[in-house]
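Here the structure is laid out as C-alpha cells; the discussion comes afterwards.
The values are calculated or read from the model by the stated rules, or taken from the named source; none is laboratory data. Here the structure is a predicted model, which is why all the values come from computation and not from measurement. With ideal geometry, Cβ positions are generated from the backbone for all residues, glycine too; neighbour counts draw on all protein chains shown. With ligands, DNA and RNA removed, areas are computed over all heavy atoms of the protein, side chains included. Shrake-Rupley method; radii C 1.70, N 1.55, O 1.52, S 1.80 Å.
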Amino acid sequence: MAETIYIRMRHRIQKKSNERIFLKDLAQIIATDELLSTLKDVCLYHITEQDKNIIIIDSTLVIREIKKIHKEVEIQLIGPAQTIIEVVFKKRKVTLPLFILVWILLFIGSGLTIMNFHEDVSMQSVHQRVYKMITGKEIEKPLIFQIPYSVGLGLGMVIFFNHVFKKRLNEEPSPLEVEVFNYQQSLDQYMIMHENKESIKKLDDH
C-alpha cells in the first residue's frame, strides 16, 4: 500500500535574492520521518537577479518534484494551491532629511484636511449654536466645547489606528489594518489568477 503525504502550501513567504527555495519553506508536510527527511530539503526554485519581486509556485511543481524522488507515494493537498514568494531586496536606509521632509508633508497635509473638513461642516458655528442653546449667551470662541473636542479628536485617531507609537492598545485589528489585509488578499488573488508568463515558463523549464 502506497504511503500518503499531506502537503499544505503556505500562502505567502519572503525570500532574499539569490536564495534557494526548499519544500520545507513552501509547505507544511505531514509524512513518516523517513519520507520527511528526504523531502524537506528538496530544492524547488533558485531566485536569480532576473526574477521580479513576486514569484508564484504552483502545487503542480511540488507534486512533480516529489514524484521524481518517490514515484509510489500518494500526495494529498490541503489548503491553497499556490504559494506567493515575495523577493525582498536590500532596503535603502532612510536619511534624516528625507524623514523630516516626509514628516512635514504628512503633518501639513493631515492638518489641512482636518481644517478643510471643519470648514465644510461649519464646526465653529455648530459649537457656537450648542453653547447658545445651553447657556443662552452668544460667544465667538466657545472653548469649553472646542478644547475637549480637539482632545477627543486626537484620542479618537489613536483608538482608530490602535497604536501609540509602536505599542498596540489591544489585540484587535484596527479598521485600517483590516482594509490593508483585504487589499492584500485581493492583490494576491489577482497575481495568482494572472501569473507572470515569464515565471511560468521558467518554472516549466526548471
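Values computed for the structure shown
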quantity	calculated
Residue among ILE75, ILE55, ILE69, ILE5 that is open to solvent by 70 Å² or more (accessible area, probe 1.4 Å) and among the aliphatic types (A, V, I, L, M)	ILE69
Residue check, MET193 modelled with pLDDT of 85 or more and either open to solvent by less than 80 Å² (accessible area, probe 1.4 Å) or under 24 Å from the mean Cα position of the chain (by Cα) (or both)	no
Within segment 26-42, considering residues that are farther than 19 Å from PRO80 by Cα and open to solvent by less than 40 Å² (accessible area, probe 1.4 Å), the one farthest from the chain's Cα centre (by Cα)	LEU35
Pairs where the first residue, in segment 124-152, is within 17 Å of ILE114 (Cβ to Cβ) and free of Cβ contacts under 8 Å to residues at least 12 places away in the same chain and the second is basic (Lys, Arg) and surrounded by 12 or more Cβ atoms within 10 Å (Cβ to Cβ), C-beta under 7 Å, 6+ apart	none
Cross-chain or 6+ apart pairs with Cβ under 6 Å, segment 47-60 first and more than 11 Å from LYS15 (Cβ to Cβ), then among the small types (Gly, Ala, Ser) and in a loop (DSSP other than H, G, I, E, B)	SER59/ALA81
Pair list, Cβ under 6 Å, 6 or more apart: segment 26-46 residue assigned to a loop (DSSP other than H, G, I, E, B), other residue basic (Lys, Arg)	LYS40/LYS24
